[in-house]
Amino acid sequence: MDLFWMAVIVFLIVVVVWYFLIGIRIVRPTQRALVERLGKYRRFSGPGFCWVIPIVDRIVKVNITEKMINAEPQEIITKDKLNARVDAQVYFKVKIDEESVKSSQYNVFNYEYQIVNLARTTLRNIIGTLSLNEANSERDRINQELMQTLSQETKTWGIDVVRTELKEIDPPKDVQETMNKVVKAENEKQAAIDFATAAETQADGMRRSEIKKAEGMKQAAILEAEGHAQAIIKVADADAAKIEKINTAIQKFFRNEAQLYKKLETIQFSLENNTKFVIDPNSSIVNVLTEKMAGITPIPVDKKHVSHEMTDEKM
């Protein structure tokens, strides 16, 4: 009998331990949990250990990290009657407070599916009012309007729409080929304009370089000419000084020579009729004759003889 009760006690202990163990739940840091008891909301659980009554309680774990969902490609007719293939991405997350987590589970059914369909509908409404060129050139506007609409519509879902990205807007194949040709022509036109501008800039640079070079040569020629002019002026000044000295020497020379020439002219006139003169060898006229007239030699004269002849002539 004692063994029976001991077995019962052991069995009950095992059942209690097993029951406790199967009620243990672990909530990760990226999650928040909602505990329901018999179909009613019971409490909110944060990260860590959580125990629920097995069979009676139910725990709903909600991921609060940022998610990205694809709005799925779709054909949208633009304002200019073209079928454009449009795809977008939506980034969102569930807010971490209790009310937002509850709203994501109790205010909307499968919020991810709902966001995808809401994004597709919003894109059709926005792009339907734009032409294909406007849709391609105004992507920021489309993203902004899409995000505003989603944020407004999901306000009661406990969701925070982080951002939206327009992934692609593809026109029909024939339109795409035409647009590619237009873009190619525009690129070639721009390349030609850039080449012409570069050539013009290069020509202008060369012209300016030649002008600078010519101005430099001109300045060098001016400086060289000024140097020559200054040299000529200095040489002319030196020549003028030399000429002045020469003139002074010539005037002095001819003044002295004029006196000498007059003496020679007198001698010539005296000798025209074979006139004989007795000249004192110590006089300056002898020096003139000996220095200036080649072949004339003074004759030594006896002073006594000369005095006798002069006495006879007087008698």
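All of the numbers you see were taken from the coordinates with simple rules; none came from a lab. Since we're looking at a predicted model, the values are computed, not measured. We place every Cβ from the backbone using ideal geometry, glycine too, and count neighbours over all the protein chains shown.
Annotations
- In the structure shown, the pairs K61/K167; K67/K95; K81/K189; K189/K213; K81/K181 are assessed against 24 Å; a Cα-Cα span above that value is assigned to K61/K167; K81/K189; K189/K213.
- Among the GluC sites (Glu not before Pro) found in region 66-126, those both in a DSSP coil and sparsely packed, with 15 or fewer other Cβ atoms within 10 Å of their Cβ, are E66.
- Compactness of region 67-171 as Cα Rg over 2.2 N^0.38 Å, two decimals: 1.12
- Förster radius 41 Å - calculated FRET efficiency between Q89 and E210, Cβ distance, rounded to 0.05: 0.10
- Each Lys or Arg adds one and each Asp or Glu takes one away; over the other residues whose Cβ falls under 15 Å from the Cβ of E66, this sums to +2.
- Unit charges at the beta carbon, dipole of region 42-199: most positive-side option, S100, S151, N187: S100
- Loop sites in region 55-101: trypsin sites (Lys or Arg not before Pro), DSSP, at most 10 other Cβ within 10 Å: K81
- Length available on full extension from Q74 to E200: 0.36 nm per residue minus the Cα-Cα distance, which gives 40.4 nm.
- Ordering 215-224, 137-146 by mean Cβ neighbour count within 10 Å, with the highest value first, yields 137-146, 215-224.
- Between K234 and N133, residue separation times 0.36 nm minus the direct Cα-Cα distance comes to 28.1 nm.
- Residues T65 and F11, FRET efficiency given R0 of 41 Å [Cβ-Cβ distance, rounded to 0.05]: 0.40
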